[in-house]
Amino acid sequence: MKVALITGITGQDGSYLAELLLSKGYTVHGIIRRSSVFNTNRIDHVYKDPNAVNGEAQLFLHYGDLSDPGLLTELIYNIRPDEVYHLGAQSHVRVSFDMPEYTGNITAMGTTRLLEAIRRSGIRPRFYQASSSEMFGAAPPPQNEQTPFAPQSPYAVAKLYAYWMACNYRDAYGLFACNGILFNHESPRRGETFLTRKVTRALAFMLSGKQKTVYLGNLDAYRDWGYAPEYVQMMWLMLQQDQPDDYVVGTGEMHSVRQFVEDAFAYVGIELEWRGQRQHEQGVVRSVDTRWNHVVRSGDVVVQVLPKYFRPTEVDALRADITKARQKLGWEPQVTYRDLVRIMVDYDLLFEGLHPPGEGIECEQRLGYGWIQQPPYNVTGGLDSYQRLPVKAERQLVRTIVELLAEAEGKW
Ligand code: NAP
Ligand code: F7E
């Protein structure tokens, strides 16, 4: 049975990766930061207290921080992992302009600390580095493994340093280190301040009457948005190859922020039109499905652009050329951009206790990501009535929700 260590296990990707590895029979160790309130809500549903389950636990959590080299060394030495997935980072691009030094300390130097902990321990796990399409920055699309890097933010510069450190430890010490150069990937577990989730969550709040307007920045940036669970499968795949290598991972499609907003609203029957210019633009409701008339009306300003959300230097367009991943790893994403919008809107409506259209949830079920253990979301109560259930019951509950929705829509 393999042993994996995940930094950033409480994040979007870390939580999906933990589920994937557990489903493959791994023993999984994760590093979590101490915080004044629980920050493990993305993994609570897969965590069993080792004290309570008597030797049956497969997931172990350890306090630690990428700023603490001594502790990282001790963890590597004691856990003796076969695979290390380094996902921990200050991962927000806009925030990196406000906190460049902290971002460098954690996102760049944190990687060096972990690599050094591995080197000094004498243990030789396989190592995955969470590199980013942001490293391509100003380089025009499509971007692949040969595209010259042109980072446009402190975050991207820090990731580039970490990328080269992983390459250096591979060349200098023969470490099996892989860089996954991942383009934007999203999910219902995406952090609430990233663009896609900010929009789908705000939409759900508007439909439940809690919010009137969402405030955004640059609507004209283009991104290659994929579905996060598929991307963590790629992380694992890279570490199972005979040779370590670096891979670009994305969908090959790109869409603008503006289009994402339009498509999310259109999915629930709200058509938008745009008024005004760049830094003062507004998204106004042109028409609305009668179902939402009590909360949203024609003429409502549902999107307001604010200069404070623009970045000092923007990355205009990212689109992955995934030829290498396709040819060498046989990888092809299944979830399209259209599906992704639907999945995210469906879940955010569900979290708000609203009845989602259901096409996204259906798509997720059809593609059969059996290893994803969605926490139990209560259709009528929303997040406030979130409650823990045993894993089997969670799966059953998600299935039941989907069946109920389909019945209500008259589809089955
Ligand atoms: P995320 O949701 O922001 O998660 C980041 C994780 O890093 C969290 O678990 C966080 O812990 C942890 N972390 C932050 N500072 C830390 C520190 N000082 N010490 C230890 N852990 C720390 O990010 P994600 O979307 O899952 O992305 C995973 C990785 O892939 C990140 O490195 C990100 O930069 C990179 N990446 C992401 C994308 C994407 O589109 N999602 C694309 C390319 C690359 P807390 O929960 O305590 O904050
Ligand atoms: O922005 C624009 C913004 O913050 C996407 C991270 O996971 O992916 C992510 O970085 C676009 C940008 O993601 C708002 O200017 C407009 O053009 O969702 P985002 P990101 O910056 O692309 C890469 C691959 C990573 O590696 C990172 O870790 O949307 N945008 N208005 C906005 N973005 C945000 N967050 N908020 C807005 O109000």
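Contact annotation: residue pairs with Cβ atoms under 6 Å, 6 or more positions apart or on different chains, pairing a residue in segment 168-186 that is farther than 30 Å from ASP348 by Cα with a partner that is away from ligand 1 (no atom under 13 Å from the Cβ) and of a type in the set (Ser, Thr, Tyr), are LEU175/TYR169; ALA177/TYR169. Screening VAL284, VAL296, VAL199 for residues that are modelled with pLDDT of 95 or more, under 28 Å from PRO357 (Cα atoms) and near ligand 2 (Cβ under 10 Å from one of its atoms) leaves exactly one candidate, VAL199.
Report, by residue number, each residue of segment 149-165 that is within 14 Å of TYR102 (Cβ to Cβ), within 12 Å of ligand 1 (Cβ to nearest atom) and not hydroxyl-bearing (Ser, Thr, Tyr).
Our first condition is that a residue be within 14 Å of TYR102 (Cβ to Cβ); within segment 149-165, this holds for 153-155, 157-158.
Cutting the leftovers down to within 12 Å of ligand 1 (Cβ to nearest atom) gives us 153, 155, 158.
Answer for segment 149-165, where residues must be within 14 Å of TYR102 (Cβ to Cβ), within 12 Å of ligand 1 (Cβ to nearest atom) and not hydroxyl-bearing (Ser, Thr, Tyr): just ALA158.
With the condition kept exactly as written, say whether any residue in segment 321-341 is loosely packed, with under 14 Cβ neighbours inside 10 Å and small (Gly, Ala, Ser). Yes: one or more hits. Here SER132 meets the list (1) surrounded by fewer than 23 Cβ atoms within 10 Å (Cβ to Cβ); (2) free of Cβ contacts under 8 Å to residues at least 60 places away in the same chain; (3) near ligand 1 (Cβ under 10 Å from one of its atoms) almost entirely, failing just condition (1).
Among the residues of segment 299-315, write down those that are surrounded by 15 or more Cβ atoms within 10 Å (Cβ to Cβ), assigned to a loop (DSSP other than H, G, I, E, B) and within 10 Å of ligand 2 (Cβ to nearest atom). Listed by number, the residues that qualify are PHE310, ARG311, GLU314, VAL315.
So which strands (runs of 3 or more DSSP E) are wholly in segment 180-292 and hold at least 1 residues that are of a type in the set (Phe, Trp, Tyr) and surrounded by fewer than 19 Cβ atoms within 10 Å (Cβ to Cβ)? Give the steps one after another, and end with the answer.
Working: elements: 214-216, 247-249, 270-275, 282-288.
In segment 180-292, the matching strands (runs of 3 or more DSSP E) lie at 214-216, 270-275.
Output the residue which, of all residues in segment 70-123 that are of a type in the set (Lys, Arg) and away from ligand 1 (no atom under 12 Å from the Cβ), is farthest from GLN240 (Cα to Cα). Per the stated criteria, the residue is ARG94.
Summed over segment 256-290, the residues that are under 21 Å from the mean Cα position of the chain (by Cα) and among the small types (Gly, Ala, Ser) give a count of 2.
The values are calculated or read from the model by the stated rules, or taken from the named source; none is laboratory data. Please read these numbers as outputs of a predicted model, since none were measured by experiment. Glycine gets a Cβ as well: all are built from the backbone with ideal geometry, and neighbour counts include every protein chain shown.
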